Structures are given as C-alpha cells and as structure tokens.
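The values are calculated or read from the model by the stated rules, or taken from the named source; none is laboratory data. Note that this is a predicted model, so its numbers are computed, not measured. We place every Cβ from the backbone using ideal geometry, glycine too, and count neighbours over all the protein chains shown.
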Amino acid sequence: MTRLLRAFTLAAALLGLLTIVACAGEEGEGTPTTQATAAATSATAGVGRTPAAQATTAPTSAGDEGGRTPAAQATAAPTIPALGAIEMGIDPETTGNTASTLGTLERCARVDVPSPAFDGVSDYNIDVYVKGDTQAPVAYDAWVTYAAVNDGCPAAGDPETGDQCLNSFDDDGDGYINDGCPQVGATAESGADCDGHDQDDDDGDAIVHIAAPGTDTLIKMPGATSMVETGTPPDTDGTFGTGAIYLDPTKSRIAGDGVLVRLGLDIGGSGLVTFALNPPPLSAYASGAGLHTVTLASAQLAINQDCPQ
Ligand SMILES: [Ca+2]
Ligand SMILES: [Ca+2]
Ligand SMILES: [Ca+2]
Ligand SMILES: [Ca+2]
C-alpha cells in the first residue's frame, strides 16, 4: 500500500504542478479547464489507469495568431497543436550520450563484472533517454522496473502476459499488478506480496540495484526539483521511480534528443536484466506546450553472458 501511495503521489503531484506551470506560461491563451481535467484524471484514476487520455490531452491553443482576416479567423476551426511524439527508452550502453546527444541506442549490451556482489557501489551506468524532444522538458516521470515484480502471483481473471509482466503496472486494469505472471527464479511471490496495491519485488529477484553513485535524475533539467519515490537511491525493490519539474520557469532547460536520467547500477549477480519503463502516467514528458504522447522502449543488460540472439 505504501508503495502505491508513493507512486500515486509523485505522478499526480508532477502533473498537478505541471498544470500550474503551463497556465503561468501561456499568457491566458491556454485552456486551464482542460489542463485541470488532465491533472484531476490522474488524481482520481489511481496508478496505471488512464494513459491515453492524459498523454493525448492537448492543453493549449498556442498556434493562434491575430494576423488572419476576420473571415479566415471565422472559418478556421480552432487549432490544437499536435504535440510532438516523444520516445522514452533505455540505452544500456551510454557512449556518446549527453543531455543533448545520443550515441547508438542498443537494445541489449553485455557487461562483464568479476565476482558481482551488492556493495552499494555503482558498477555500471545505463541511461533513460528521450527522442523527439524539440521544446525542452519542464517535467517528466520515469519509472523503471528492473526485476520480476509479483511473479507467480495468481491471476485475477485473465492474466497479464508477455511484456506486461516486465513492469510494475496493472496493464489489464483489474486492480492487481502483474497478476498471473510466471514465477521467475526459485521462488514465487504470494499472499500479501501479491495484493492489489503491491508493486514490489518481494522475493529478491533483482540482480541489480539502483545505486546512489552514478545516478543523476537532472541531466536534462539542471536546477529542477527532483523527486525520487524512495527519497534517494539506493533502490532495491525492483522499480525505481523518479521525476523532476521546473518550479522556476527561468531555470535552464535542455532541448534535443538526449539523456533524461542516468542510472548507476550496483550489480549483484550474473544474468539477463530487462529494464522496462512503465506506461503513462508513470512515464510522462511535458514541455511548455503540454504533455506529450510518449512511446516506450525497453532494453536488456546481459551480465557476464552474451545478449540473446
Ligand atoms: Ca504489468
Ligand atoms: Ca492486472
Ligand atoms: Ca510483490
Ligand atoms: Ca519477484
């Protein structure tokens, strides 16, 4: 329950604050009602419920101008600018990546770590990147799942399957996260560890943790207010939730394809780890124009073994 409330609070808080920022930056041309609705939708829907509605809500009519003839203005349908589509993804090999550049984006990378063990030290870094950014962010949410959450828990009706089992999100909207997903490793989660509010890996499937050293949540948003769902790293429960927002509109912001978050990994074992971004609203990207549509790309890290062919 606690984790759910933390998740809920972070996403809702960011979107609510975003509404304030967006309204303040639009000189009266926006549609605060629509924005308020978007924020309220997230506030009432609970984790994982209304991704499409929120992601496609276009809050402004910033393209309006006064230079057209009255007739043209009268006949033109009200325009809502198409907010650029943003891809948020994981790059498991960070060469060439900065706040405003991206090197090659790998879907899997191999790393060799002799005698891996959890020691609180970052052994390797990966990135959460954005592509399609032309307007610079004012807020984001990024929730990265890196271990099997609720694996082996009983199905509530139809089970979640496939990639739905790689996140910590109730993809089928039945109130249970990853219900019916197969057991991973030697043990299954059960009982209260499977309840409808639980989004933790409770049986210790993780072979990486998110370490404090190496982790930077403000690469693309220097000077922004950072929010981390556990307060600060390290994070060991299978999902690292973070976000940031500019409360001060004069702070610098960095546009362009680039790194949103760098994650320092404390590697504690060998194997294949999938890093999956959770669907909106747990992953979200907003510029001054509003909340963008996002598509998500997961990636894998093969530790002391080859990537799958
Ligand atoms: Ca799921
Ligand atoms: Ca479910
Ligand atoms: Ca659990
Ligand atoms: Ca687990």
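Things to note:
- Residue match in the range 139-156 (condition: farther than 21 Å from residue 237 by Cα and more than 9 Å from ligand 2 (Cβ to nearest atom)): yes
- Among residues of the range 181-214, those that are of a type in the set (A, V, I, L, M) and away from ligand 3 (no atom under 14 Å from the Cβ), counted: 6
One line per residue, one yes/no per condition, for (1) acidic (Asp, Glu); (2) within 16 Å of ligand 4 (Cβ to nearest atom); (3) not assigned by TED's automatic domain parsing to the domain that holds residue 170:
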position: 237; (1), (2), (3): yes, yes, yes
position: 244; (1), (2), (3): no, no, yes
position: 255; (1), (2), (3): no, no, yes
position: 263; (1), (2), (3): no, no, yes
position: 267; (1), (2), (3): no, no, yes
position: 272; (1), (2), (3): no, yes, yes
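- Residues located in the range 124-148, provided they are surrounded by fewer than 21 Cβ atoms within 10 Å (Cβ to Cβ), part of a loop (DSSP other than H, G, I, E, B) and at negative phi: 134, 135
- Residue in the range 275-282 that is small (Gly, Ala, Ser) and either in contact (Cβ under 8 Å) with a residue 12 or more places away in the chain or not in a loop (DSSP other than H, G, I, E, B) (or both) present: yes
- Answer residue from the range 175-192, given it is in a loop (DSSP other than H, G, I, E, B) and out of contact with any Asp or Glu (no Cβ under 8 Å at 6 or more places or on another chain) and is farthest from ligand 1 (Cβ to nearest atom) among those: 186
- Residues (at negative phi, crowded, with 17+ Cβ neighbours inside 10 Å and part of a strand (DSSP E or B)) located in the range 193-215: 208, 209, 210, 211, 215
- So residue 123, is it modelled with pLDDT of 95 or more and more than 26 Å from the chain's Cα centre (by Cα): no
- Qualifying residue in the range 179-186 (condition: at positive phi, more than 15 Å from the chain's Cα centre (by Cα), outside the structural domain of residue 274 (by TED's automatic domain parsing) and within 16 Å of ligand 4 (Cβ to nearest atom)): yes
This table checks each residue for (1) within 16 Å of ligand 2 (Cβ to nearest atom); (2) in contact (Cβ under 8 Å) with a residue 24 or more places away in the chain.
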position	(1), (2)
129	no, yes
158	yes, no
168	yes, yes
177	yes, yes
194	yes, yes
208	no, yes
225	no, no
228	no, no
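Results for (1) buried (at least 22 other Cβ atoms within 10 Å of the Cβ); (2) touching a Ser or Thr at 6+ places or on another chain (Cβ under 7 Å); (3) basic (Lys, Arg), shown as yes or no for each residue.
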site: 270; (1), (2), (3): no, no, no
site: 282; (1), (2), (3): yes, no, no
site: 288; (1), (2), (3): no, no, no
site: 291; (1), (2), (3): yes, yes, no
site: 298; (1), (2), (3): no, yes, no
site: 307; (1), (2), (3): no, no, no
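- From the options 266, 216, 248, 306, residue that is acidic (Asp, Glu) and under 16 Å from the mean Cα position of the chain (by Cα): 216
- Subset of the range 173-192 [farther than 17 Å from residue 274 by Cα and buried (at least 20 other Cβ atoms within 10 Å of the Cβ)]: 176, 177, 179, 180, 189
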